[in-house]
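Participant: One structure, pasted below without further comment.
The values are calculated or read from the model by the stated rules, or taken from the named source; none is laboratory data. The shown structure was predicted, so the numbers you read here are calculated from the model rather than taken from an experiment. Quick reminder, even Gly has a Cβ in these numbers, built from the backbone with ideal geometry, and neighbours come from all protein chains shown. Each accessible area value is taken on the protein alone, full model and side chains, heavy atoms only, with ligands, DNA and RNA left out. Shrake-Rupley method; radii C 1.70, N 1.55, O 1.52, S 1.80 Å.
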Amino acid sequence: MSLLVVGLSHRSAPVSVLERAALNADAQIKLLQDTVAAEPAAEAAVLATCNRIELYADVDKFHAGVAELSTLLAQHSGVGLEELTPYLYVHYEDRAVHHLFSVACGLDSMVVGEGQILGQIKDSLAKAQDLHTAGRLLNVLFQQALRVGKRAHSETGIDRAGQSLVTFGLEQLASGGEVADWARGKKALVIGAGSMSSLAAATLVRAGVDEVVIANRTAERASRLVEILNDGASSDSGDGDVVARAVPMDAVSGELTRADVVVSCTGATGLVLTAEAVSVAVAGRVPVVGAGGGGVAQPGAGGVPPAPTRAALGGTNARSWADEAGRSLADRNAAGSADDENCPLDLNAVQATPGFSVLGEAAVAGMAAAELEQHAAWVDNAPRPQGTGSVVDEAEAIAALAAAAAAGGRIPERRRPEPLAAGPQPVLFLLDLAMPRDIDAAVHRIPGVRLVDIESLAEASADAPMAADVDQVRRIVADEVAAFGAALRAAHITPTVVALRTMAADVVAMEMARLEGRLPGLDDKQRGEITQTVKRVVDKLLHAPTVRVKQLAAEPGGAGYADALRTLFDLDQETVAAVSRAEDSNTNEEDRGPA
């Protein structure tokens, strides 16, 4: 059996694909169960985080294993295999070990050196143990990966090379300034009470926010997190100030109007915060651009400046098209005067959001290529609003999307709109750490709102400087991979050595029984001395060969020594297999988490 990993991450796939391929808890469980039920795999573990989805398995056939694991990932993620395949990477045997150890050390993270991945690897192992899909190989591999990650953080300064996604995200919200200076005095709303949300809440408390509100679907988890935060704050300040409180999820909209900072990281499959909800929350808090009396923007007041008219495929987002044309069309639709007889869309059902065209990508997402072409033609022939030619640009852009959809078979995923070139200072800061996203990407164009999400973090981290300690961590990983491979190869021959010694013990027992028949007058002392002498002779004869064969087996290419040993001593294959099964059973009992 051999280790195989098939996966995709922020390094191999765009965020839009990662978002669609994200696995919830139920999907991960089903994926693990189906993987071990498949013929090529004997063990399986899933590592699913906000920026990676990886399936680890112990397989007996490489090509069949790759095909099966790829198919299962596509099946359970809901992304078609043909679409998913270009973004998948495959690592096998030592390369798979090297990959997991690098991930555990934070070398493959979006923010290099972040330590949260260790907790996620631990959770992945615990899930596989609970489901009994982790056997001897994956138990040993994941536990060693955790040790390697801890070693890298303790022996090097890899922590200086990067921060957690939470810290990095807050720094992006603070526009590169000190997080403590930016956060001081603000009111924060944290949606979710998992590990990432808990870290965000604790970080905000340490940064000096006035208040943290925790909203979670499970009230007990939110209350527990609040208790921990308040206890910690009391210990630090000594004055017993309450800095955190819990609210139910249906109170989020009300808390949003009070909050200055929002961090969201839930397992929801749909949006937690829509653009409409955020727009309502900042209504009355944002100065109107150009208003001399310090006025504030109102919902639907048109405080959003026109967006660029053309977004090239592969560049900026299509939602920036023809805002004015879209608003004009939305007004006509609201009045019931639009002639939409030949349009494949029900434009009256499309929500008009200030700053976005109802003709843009929000309307056409998921539409078939043929319908998209009809929509483009309808836009091209639609009545032009007076004083603007932007509908023509909109038609060109949609026609370009139609061509791309016809060639690729789907609508390109370019949902993040172009940010406003200029506008009022942010009054609401949003950090979305969920995958799939919790916060509608449309809030990028709401005046007074600043959104940082996984996609923007990926872009920002691409140019982040690498610390010198990274090279030291890479050396640690290389050494640990070599040691792990040697130990694994040596362990592979152990059942054969055990079977050989068992056979030798049986031979000694049979010869002693034969001696008893020939010399029935032996007393116990004589019998014991003879037995010990024979055992010592056998042990001395076997000692050097078995020690040496373990050393040879630990070297690269040493797997054949087990076969040679079985052939030379005519060992029964089933006996060796029985020893392996017994060792696997003992290892699983020791390593398995609660059932």
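Participant: Examine segment 474-482 for a residue that is touching a helix residue (DSSP H, G or I) at 6+ places or on another chain (Cβ under 7 Å), closer than 30 Å to Glu171 by Cα and not aromatic (Phe, Trp, Tyr), and state whether such a residue exists.
Facilitator: Among the residues of segment 474-482, at least one is touching a helix residue (DSSP H, G or I) at 6+ places or on another chain (Cβ under 7 Å), closer than 30 Å to Glu171 by Cα and not aromatic (Phe, Trp, Tyr), which makes the answer yes.
Participant: Can you name every residue in segment 113-125 that is over 13 Å from the mean Cα position of the chain (by Cα) and open to solvent by 20 Å² or more (accessible area, probe 1.4 Å)?
Facilitator: Gly115, Lys122
Participant: Something else about it: I need a count of the residues in segment 9-27 that are within 14 Å of His91 (Cα to Cα) and out of contact with any Ser or Thr (no Cβ under 9 Å at 6 or more places or on another chain).
Facilitator: Selection size over segment 9-27: 1.
Participant: Further, regarding this structure: Which residues, counting only those in segment 147-156, are surrounded by 15 or more Cβ atoms within 10 Å (Cβ to Cβ), of a type outside the set (S, T, N, Q) and under 29 Å from Ala207 (Cβ atoms)?
Facilitator: Gly149, Ala152, His153
Participant: Hey, any hits in segment 550-567 for a residue that's in a helix (DSSP H, G or I), open to solvent by 70 Å² or more (accessible area, probe 1.4 Å) and among the hydroxyl-bearing types (Ser, Thr, Tyr)?
Facilitator: As a first pass, look at segment 550-567 and keep what is in a helix (DSSP H, G or I): 550-554, 560-567.
Next cut, open to solvent by 70 Å² or more (accessible area, probe 1.4 Å) only: 550-551, 561, 563, 567.
Those left that are additionally among the hydroxyl-bearing types (Ser, Thr, Tyr): 561, 567.
Looking through segment 550-567, at least one residue is in a helix (DSSP H, G or I), open to solvent by 70 Å² or more (accessible area, probe 1.4 Å) and among the hydroxyl-bearing types (Ser, Thr, Tyr).
Participant: Follow-up. Which condition does Leu131 not pass, out of (1) open to solvent by 40 Å² or more (accessible area, probe 1.4 Å); (2) in contact (Cβ under 8 Å) with a residue 60 or more places away in the chain; (3) under 19 Å from the mean Cα position of the chain (by Cα), if it passes all the others?
Facilitator: Of everything listed in (1) open to solvent by 40 Å² or more (accessible area, probe 1.4 Å); (2) in contact (Cβ under 8 Å) with a residue 60 or more places away in the chain; (3) under 19 Å from the mean Cα position of the chain (by Cα), Leu131 misses just condition (3).
Participant: Taking only segment 184-229 into account, find how many residues are open to solvent by 60 Å² or more (accessible area, probe 1.4 Å), within 19 Å of Gln120 (Cα to Cα) and without any contact (Cβ under 8 Å) to a residue 40 or more places away in the chain.
Facilitator: Residues meeting the conditions: 1.
Participant: Right, something else. Any residue at all in segment 145-162 that's at pLDDT 90 or above and in contact with a Phe, Trp or Tyr (Cβ under 7 Å, 6 or more places away or on another chain)?
Facilitator: Among the residues of segment 145-162, at least one is at pLDDT 90 or above and in contact with a Phe, Trp or Tyr (Cβ under 7 Å, 6 or more places away or on another chain), which makes the answer yes.
Participant: Follow-up. Select, from Val452, Val477, the only residue that is in contact (Cβ under 8 Å) with a residue 60 or more places away in the chain, of a type outside the set (D, E, K, R) and under 30 Å from His98 (Cβ atoms). First the steps, then the outcome.
Facilitator: On the way: Val452 fails: under 30 Å from His98 (Cβ atoms).
Result of the check over Val452, Val477: Val477.
Participant: Please state which of the following conditions Ser109 fails to meet, knowing it meets all the rest: (1) touching a Ser or Thr at 6+ places or on another chain (Cβ under 7 Å); (2) open to solvent by less than 20 Å² (accessible area, probe 1.4 Å).
Facilitator: Answer for Ser109: the failing condition is (1).
Participant: Being open to solvent by less than 30 Å² (accessible area, probe 1.4 Å), farther than 25 Å from Leu256 by Cβ and assigned to a helix (DSSP H, G or I) is true for just one of Leu170, Leu141. Which residue is that?
Facilitator: From the options Leu170, Leu141, the qualifying one is Leu141.
Participant: State which residue pairs qualify: first residue touching a residue at least 24 places away in the same chain (Cβ under 8 Å) and inside segment 502-520, second residue open to solvent by 60 Å² or more (accessible area, probe 1.4 Å) in any location, beta carbons under 6 Å apart, and separation of 6 or more residues or different chains.
Facilitator: Correct list of pairs: Val508/Lys535.
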